[in-house]
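Working notes, beginning with the structure itself.
Every number in this text was worked out from the coordinates using simple rules, so none of it is lab data. Note that this is a predicted model, so its numbers are computed, not measured. As a convention, Cβ positions derive from the backbone with ideal geometry for all residues, glycine included, and neighbour counts pool all protein chains shown.
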Amino acid sequence: MPLRKTVISVSSSFWMKSLRHLVVLSSLCSLICGYSQRDRVHDLMSRYPLIDGHNDLALQLRRLHNNRLSQIDLHNVSKVATDITRLQAGHVQTQMFAVYVMCGAQEKDAVRLTLEQIDVVRRMCTEYQDFELVTSAQELKTSEMRHKIACLISIEGGHSIDSSLPALRMFYQLGVRSMALTHTCNTPWAESSSKLYNVFQRQNDSLTHFGKAVVEEMNRLGMIVDLSHTSWDTAWAVLKHSKAPVIFSHSSSYSICDHGRNVPDWLLHELKKNRGLIMVNLHSNFISCRDEANISHVADHFDHIKRVIGAESVGIGGDFDGAVSFPQGLEDVSKYPALIQELLQRNWTENELADVLRRNFLRVFQEVEGVRDQLSVNQPSEAQIPVAEVQNPCRLVLRPPDLRRLTYDQNPSSTAHHGPKGLLILAIVMLLSSPFLIE
Ligand SMILES: [Zn+2]
């Protein structure tokens, strides 16, 4: 064999071998790199496990099981997106559980239904050892050290308090630490982002005098004000009035998806001034404005909000079991690591992600408690909503009516709803029965 041919043949076999080694090495590297990326996420989330701002498992427990906990094992629940096994897989350490009752219960039995939802969350979080009901930032931190999933209770919709500050205070006593001022219906004192219901419609009166008293009392109690579901005008009025930081527990960016439940940039700037927090909602319709979405669409919301107000104002409020469609790869509470991996790939630092996962909410909760401590000299508010703004056939008024407030033109929405005749009858009934009124 000529020498030249031999050299070529040796050299080509050498390169073939090297190429094979290179291919093996590169696939080994990508395998290792892939694992290390996932390991990095799990390591980060083990050190900073998630505080999730919104979950509607309690609603599904009522809908599917009539709140009969004895019929199910919360470690593994079918037809829902949340159970203990999946919360643990998703590194969810604290879950804000919504106690939600439908707007149809407003002016009916919303308070009873809310009590029943609080009962089921309290039972769930005390009967299962993996859960722990917490009512303060300190308890939340302690529960992490004890490797528990902390449960926070949040009322979703101001209609649950039936326009009563004493009811609000009693809910606080039962462990409620946050309340969304509206759901999809206006209350007599705050306005919803939704136009689904036509009750208590109003113009230029997005947070009434009593609505301001609700915010003040929540500040005094140390209950977090939640602006997800309120109209932008109500949110703006609250941001101007609240002494404590507030949250949007499950809302996303309006600039990325122009849905009315999302938050526009001008409101984000006001939230920043308030030192508040927006916890991004994962529901596909709020993410891509369509029924389908993917993780990249979700990450676009995080990137945008970070650009506008910084990573120190962002959190996560999944809305699992409260909405129907979720992005591919984020179908239940076990999938949060995939979102964190996407954000790491988009050059979010571990420090920023520690804020998003946990530290931002803890800061807000502690500041809300700080305001409560500052206001501890204040007595419980005795503010009452004017009778004319709430009177309805299901409401007994066990106190003398304030007739000066019982005028027809005081609340156009109220008179439109019940009519002046109803008010007149109510006034006569109350006057006739006044000797028997309970003081
Ligand atoms: Zn909601």
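The mean of 1/r over all pairs of different alpha-carbon atoms in the range 157-274, once inverted, gives a Kirkwood hydrodynamic radius of 14.1 Å. For the pair the range 358-374 / the range 87-110, the C-alpha centres are spaced 21 Å from each other. With 28 Å as the limit, the listed pairs Lys79/Lys108; Lys195/Lys306; Lys79/Lys272; Lys141/Lys195; Lys148/Lys272; Lys141/Lys272 have Lys79/Lys108; Lys195/Lys306; Lys79/Lys272; Lys141/Lys195; Lys148/Lys272 beyond it between alpha carbons. Of interest is the spacing of the C-alpha centroids, which for the range 129-152 and the range 326-347 amounts to 24 Å. Annotation note: trypsin sites (Lys or Arg not before Pro) in the range 322-367 located in DSSP loop regions with a Cβ neighbour count of at most 15 within 10 Å are Arg346. A straight line joining the Cα centroids of the range 184-224 and the range 226-280 runs 14 Å. Inter-label distance, Gln384 to Arg275: 3.6 nm, where each label sits 7 Å from its Cα along the C-beta direction.
For the range 40-374, the percent of C-alpha pairs falling in each 20 Å distance bin, counted from 0 to the bin holding the largest distance, reads 35, 61, 4.
With Cα atoms as the point set, the radius of gyration and Dmax of the range 42-104 evaluate to 13.2, 45 Å. Straightening the chain between Gln328 and Gln345 buys 4.4 nm, computed as 0.36 nm per residue apart minus the Cα-Cα spacing. Coupling constants for the range 343-354 follow from the phi torsions by the Karplus curve (6.51 cos²θ - 1.76 cosθ + 1.60, θ = phi - 60°), and in residue order they are 5, 4, 5, 8, 6, 6, 7, 4, 5, 4, 6, 4 Hz; glycine and proline get x. Stretching the chain fully between Asp303 and Met170 yields a gain of 43.9 nm (0.36 nm per residue, less the alpha carbon separation). Placing a label point 7 Å from the Cα of Val377 along the Cα-to-Cβ line, the residues of the range 208-223 whose backbone N sits under 16 Å from it are 220. Label-to-label distance for Asp265 and Glu139 is 4.1 nm, based on points extended 7 Å past Cα in the beta-carbon direction. Per-residue Karplus couplings for the range 370-380, computed as 6.51 cos²θ - 1.76 cosθ + 1.60 with θ equal to phi - 60°, are listed in order as x, 5, 4, 5, 5, 8, 5, 6, 6, 7, x Hz, Gly and Pro entered as x.
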